[in-house]
1. Please arrange SER93, SER145 by how many other C-beta atoms lie within 10 Å of their C-beta, fewest to most.
2. Sequence neighbours fewer than 8 away in the same chain don't count; with that in mind, list the lysines whose C-alpha is under 24 Å from LYS52.
3. What three numbers, in Å, describe the spread of the alpha carbons of the stretch 25-147 along their principal axes, ordered from the longest?
4. Per 5 Å bin, what percent of the C-alpha pairs of the stretch 44-84 does each bin hold, from zero upward?
5. Counting other C-beta atoms within 10 Å, and keeping those with at most 13, which DSSP coil chymotrypsin sites (Phe, Trp or Tyr not before Pro) do you find in the stretch 105-140?
6. Among ASP103, ASP60, which comes first, second and so on when ranked by fewest other beta-carbon atoms within 10 Å?
Amino acid sequence: MKNGILLLATTALLVGCNGPKPINLDQEREALRTAYRGADQAAHETPPNVEKLLSFYAADAGVYPPGAPLIRGQEALRPLFAQMDFSKVRVTSLNAEVAAAGDVGYTTGTFEVQSNGKTETGKYITVWKKHSDGSWKIAEDTFNSDTGPQALE
């Protein structure tokens, strides 16, 4: 009986010592920035690489475009991305943060859009989730103009 209890206690100690690996938040932030840059690069190819861009979005991702209803899921996003002209959009800042658990993060920043001879500024926030394969995928994405929808009309 004593040996059984001793074995159980030793096993519990060993399991406790082999807990989860510590999360390197700086490394995860950089991975998140890299994922963002990959999505941005796909969007800015000529023409935009819609399939590659969609690969950065989770299957059930939601996009909240200004002045329009929520669009949910990769298939629903495909026509939105196919008609967008990303060549007129330039990200002017990028911030990335990752939760302490290392499984959720967000990117925020500002952008400029060129249209009809005018420049419009805006901001965005994108929520990312880390998937079991280690990749970061966009879960929720929203953006809007600093001055409202009438600015580029």
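1. The order, fewest Cβ neighbours first, is SER93, SER145.
2. Candidates past the 8-residue exclusion: LYS88, LYS123, LYS129, LYS130, LYS137.
3. 44, 28, 27
4. 6, 24, 34, 22, 13, 2
5. Values: sites: TYR106, PHE111, TYR124, TRP128, TRP136; in loops: none.
The qualifying sites: there are none.
6. ASP60, ASP103
Only the coordinates and a few stated rules stand behind these numbers; no lab work does. Since this is a predicted model, take the numbers as computed values, not measurements. We place every Cβ from the backbone using ideal geometry, glycine too, and count neighbours over all the protein chains shown.
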